[in-house]
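Only one structure is covered here, and it is reproduced in the block below.
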Amino acid sequence: MTGPPAASPRAADALTLGRRLRHARAARGLTLDQLGKAVGVTPSLLSLVENGRREPRLALLRDLADALGVTVPDLLDDEPPTRRAALEIALDRAQQTPVFAQLGLPTVRPGRSLPLPVLEQLVGLHGELARRATEAVATPEEARRVNTQLRLERQARDNHLPELEALAEDMARRAGYTSGALTHRAVSRMAEQLGLEIRHVDDLPHSTRTVTDLANGRIYLPPASTPGGHGLRSLALQAIAHRVLGHQRPTSYEDFLRQRLEITYFASCCLMPQSAAVAFLDERKRAKDLAIEDFRDAFGVTHEAAAQRFTSLATHHLGIRVHFLRIGDDGAIFRAYANDGLVLPTDVTGAIEGQMVCRRWAVRRALARRDQATESYQYTDTPAGTFWCSTQTGWATTGKVALAVGVPFASAKWFRGRDTTTRRRSTCPDEACCRRPPADAAARWADASWPSARIHQQVFSALPTGAFPGVDATEVYAFLDRHAAPEDPTDA
């Protein structure tokens, strides 16, 4: 690194910076107290800096460099000063990973009193632990990696995509939307704006949700068998979104999943247009009566659609950070989002799908409730803070599900249900919280039981391939041939 730093030391790795500072101090024979007096700060602050737990301001960094007879670029160099320092940094980082946190073991401080052979052995063991964890999830690695990347992108943007918001609202307004729920007729008009006609058929290929015939200008949907058919509006809008957003055939799993994210977001914006949705939510916030069930009913959508739409508006427009969880009846995450500090369970790659949530979290406890018709509320104390949650249970094709929307304790004041007295404590990811059986039960049953595990066949499946991942092209093209034929005018 040459020349003066362009910005604050935040760009440098805090652990490496701390070790270089400690190395330079030791080389000068100074104690923390002596160096602290020289630069006008407490020894405890310097200790935090040296251990990578505090990043010094640029002015302090300059004072430290002067006191130690080195340059600022010397301290900001991204290479550890010694091999031991590199090992100490590696151990610190390893003890901050989800894999280590799940073990519930105490951390080892890599101080000078720790013998070098012990330090080397610990770093080697952590490396092997990480390798085995990575190897265990290697089969669906690409899909999980991309899905994790997209989730982190959404989190960085507070799950708000203004360009899609504006586009969806404009199309809905031009189709006649004014307020409340978006009608099926308005959705048809939106299709007509693109020269498309919506048709309902009962022979859609089993691998598709919709099929768009670009040659004849038709969007094929499942039969409108359910009165109202609210889900069909979303399917039609997602098919429309592909055309509006100019999507091309996906060439990778990243293309495929990014397109899916964009079309579901676009459909959500159409069903709950930003201006009307924000006006509704802002009024309820002023009344301190925010409730997902009211938001759902006001726009005639599913509870899950309302909950996810809330996450895209709450932070940007209401100043409320939020999390959302959908889990199955086994407690495994199907979909989740958080920008409020809640620590979601992850695997070694950072993926959340299929991870088990704590048995003490509100979304998991709601699965056992007898009253399934109304929302339930709970405060949960976690290592990351206290969170309030509103949870609704329901059923999907895969079985029972639970949907939760939650916020940090300080934001609960805006929501209905904030006066609940239900409160639980979770120490997850420490497995001693809820994933390890009681010692007496383990002693009684460990050698006296033999459960037969259910196997999930999808873990053996290859990633979908083809022009459209997961779609049976032969079946789709046969379907299009049937419906592209001229209609018999005598056919009733």
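The values are calculated or read from the model by the stated rules, or taken from the named source; none is laboratory data. Keep in mind that this is a model prediction, so the values were computed, not measured. A quick note on method: Cβ atoms are made from the backbone with ideal geometry, for glycine too, and the neighbour counts reach across all protein chains shown. The area values use the complete protein model at the heavy-atom level, side chains included, leaving out ligands, DNA and RNA. Shrake-Rupley method; radii C 1.70, N 1.55, O 1.52, S 1.80 Å.
Overview of results
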read-out	value
Failed criterion for residue 16 (all others in (1) under 26 Å from residue 128 (Cβ atoms); (2) of a type in the set (S, T, N, Q); (3) at pLDDT 90 or above hold)	(3)
Test: residue in segment 314-333 that is over 16 Å from residue 434 (Cβ atoms), buried (at least 21 other Cβ atoms within 10 Å of the Cβ) and among the hydroxyl-bearing types (Ser, Thr, Tyr)	no
Failed criterion for residue 377 (all others in (1) under 22 Å from residue 431 (Cα atoms); (2) modelled with pLDDT of 95 or more hold)	(1)
Scope segment 153-185; condition more than 17 Å from residue 277 (Cα to Cα) and among the aliphatic types (A, V, I, L, M); matching residues	156, 175
Filter result (within 26 Å of residue 410 (Cα to Cα), within 17 Å of the chain's Cα centre (by Cα), without any contact (Cβ under 8 Å) to a residue 60 or more places away in the chain and open to solvent by 10 Å² or more (accessible area, probe 1.4 Å)) within segment 334-374	335, 344
Pair list, Cβ under 6 Å, 6 or more apart: segment 83-96 residue within 12 Å of residue 16 (Cα to Cα), other residue not in a helix (DSSP H, G or I)	86/80; 88/110; 89/80
Test: residue in segment 229-247 that is open to solvent by 40 Å² or more (accessible area, probe 1.4 Å) and part of a loop (DSSP other than H, G, I, E, B)	yes
Residue within segment 94-102 that is over 26 Å from the mean Cα position of the chain (by Cα) and either open to solvent by 70 Å² or more (accessible area, probe 1.4 Å) or over 19 Å from residue 356 (Cα atoms) (or both) present	no
Strands (runs of 3 or more DSSP E) within segment 353-450 that include 1 or more residues closer than 15 Å to residue 340 by Cβ	376-382, 385-396, 399-408
Checklist (1) open to solvent by less than 50 Å² (accessible area, probe 1.4 Å); (2) at pLDDT 95 or above applied to residue 288, failing item	(1)
